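The values are calculated or read from the model by the stated rules, or taken from the named source; none is laboratory data. The structure displayed is predicted, hence computed values, not measured ones. Cβ placement follows ideal geometry from the backbone for every residue including glycine, while neighbour counts extend to all protein chains displayed. For the accessible areas, the whole protein counts, side chains as well, though only heavy atoms, and no ligand, DNA or RNA atoms are used. Shrake-Rupley method; radii C 1.70, N 1.55, O 1.52, S 1.80 Å.
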Amino acid sequence: MATNVSINEPTNEFARFDGVATDITNTFQLLINQLIARRDALLRELQQKKKNYISKETTRRDALEELKQQIGLLSLRVNENKDLQQQTTDLYKQRMEHLQTPTQLPLPFFSSPTLSRLQTQIAEFGEIKEWNQDYSLKKRPVLAVGKTGKAKDELYLPRGLALDEPNQLIYVVDYDNKRVQVVSVTGKFLRRFGQGILQSPWGIAVSEDNVYVTDCFLHAVLQFRKKDYELVRRTGTEGEGEGQLNNPRGLCIDYNGDVYVADSSNNRVYVFYKVLDFLKHLFTQQLWSPRDVKVTPSSVVVLDWSPNCVHFFSRSGALLRSCVT
């Protein structure tokens, strides 16, 4: 008896295997696609990091190059300063014999003498001394008053000094006591003013009607009326623009009544009208750290602290000569 075999059974079996193979292929293809996508993402991330690194490296190189340039400019400026020091030293030796008036006194702090006097007075720590015309201290001082302290007849770190010769008065900036002391030429303390107003007073100058005081903390010039020492006007705010000062130090008054101020941290001399309205800036490219200024009929004398020089300028602004202090 013959056995009946279905010819469809192998076909169905192959179909099942073919379906499984297709599923496996699709699964592998999906994994491959995911791996390719991950690879592409990593490549993009790597490229971005490479760009960021190149950008940072370029920035670093640029900053380093800029720093090198700044160091080079600084070195050049130092060398120029050394040359200036040598030149001014040679000039000082040649010109020393021509320094004959008190307004050309080569000392760290200028006094404020009148041009008619042959002697000048200097404020020192706690006392006032008088110097000879040749700038040597008298063996027996004509006048020595005051002592260190905060009482009404004492001084603490006096800075500026001005003479009111017609009234026989001496004005002393009592720096650490934040006031101005008025002393007679006989050495008697008469009065004081500026308490509660002045913070770091430094320079002082006297005109016929007013007393002018610079204040480093306030970055200002203050005008006091001489007859009662009341504050008349204050001008200046911190800055470098018109009408602004930065750490003003010494000052003086010329023959027109204009006020010259050593604007120390702005590296210039500031000139006001006598009512303290802005007039002009001087020597803005020629000074490093001016500490004091004096005016003669033919010149403006500036004490420049940073290179330790006394500069002599014409009234028009031309540098005449410099002396090392």
Among ASN210, ASN308, PRO290 - extreme Cα towards positive end, dipole of the stretch 198-325, charges at beta-carbon: ASN308
Probe 1.4 Å, protein heavy atoms only - accessible area per residue of the stretch 232-325 in square angstrom: 41
Label-point gap, in nm, between LEU35 and THR296 - each point 7 angstrom along Cα→Cβ: 9.4
Alpha carbon convex hull of the stretch 214-325, projected area averaged over orientations, nm²: 6.9
Debye-sum result for the stretch 136-256 in log10 I(q)/I(0), which assumes one identical scatterer on each alpha carbon, at q = 0.09, 0.15, 0.16, 0.18 Å⁻¹: -0.25, -0.67, -0.75, -0.93
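Are there GluC sites (Glu not before Pro) in the stretch 226-318 that DSSP marks as loop and that have at most 13 other Cβ atoms within 10 Å, and which are they? Numbers along the way, then the final one.
On the way: sites: GLU230, GLU238, GLU240, GLU242; in loops: GLU230, GLU240, GLU242.
Qualifying residues, ordered by number: GLU230, GLU242.
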